[in-house]
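Please read the structure below before turning to the comments.
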């Protein structure tokens, strides 16, 4: 039997083709949030926030009717703010991100007016965690593109730091927080691409480790905001963050003082948001339970 040889260049071409993204979508970066153009039910694109912290895709209540999206039931929503909200739920809505399409069985209809007023930007909707369950999602903050890969066709061999994830209702990873005057603290942090902040430590964690109102941290009272309104925080530059081999000297730490809302619970110890993530090319790979952080964009001060 005659032996056939396949040229090396052809094998390389096949490898590249296997990893070609399903879609590459340009985005606007505003206040450390990724705003993606998304078509809803075939209508003109609207700028939706890419949000790992959102359990469902969401649409603003004032935008939804024009898109043919109508609530069929209601639910309670807990956001970062201290006010729980009653929201509508719609069914079977089609979302298109470039050449990728998803039909969401359940979509939250949320009044985003208060968030928009604090954000200074229209928030017609959010792209929730289902996009991360279905695709490997690469966020290139320097190129301002989001690439979606089919999980079976994706592999990574670059210089980035691979961070193992535990996937539940959130994508959770282990990290270490070192604050002045305190021993290094093991933490369970969740990825929250939909928030502008850097490191947000939840109130139970901050209280348990006596971080709140600690003069050694030179805390400054401030206000965080998100869905559900405002919530009180303390800001400090006296904490550092270690994620795998990455050392972040100033993660823009905020210590939540919220009495209610997402940052008042102890399901995780805190979150990392856009002010940290925008320093890297970030690959969020739910199907393989990992996040990859690759130095790509110039360091951006947290805000």
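Coordinate-derived values only; no laboratory data. It should be emphasised that the depicted structure is a prediction, and the values quoted were computed from it without experimental measurement. Cβ atoms come from the backbone with ideal geometry, glycine included; neighbour counts cover every protein chain shown.
Mind checking which residues of the range 123-141 are in contact with a strand residue (DSSP E or B) (Cβ under 7 Å, 6 or more places away or on another chain) and either surrounded by fewer than 16 Cβ atoms within 10 Å (Cβ to Cβ) or outside any strand (DSSP E or B) (or both)? Of everything in the range 123-141, those that are in contact with a strand residue (DSSP E or B) (Cβ under 7 Å, 6 or more places away or on another chain) and either surrounded by fewer than 16 Cβ atoms within 10 Å (Cβ to Cβ) or outside any strand (DSSP E or B) (or both) turn out to be 123, 124, 128, 130, 131, 132, 134, 135, 141. Of everything listed in (1) farther than 25 Å from residue 121 by Cα; (2) not in a loop (DSSP other than H, G, I, E, B), the single unmet condition for residue 224 is (1).
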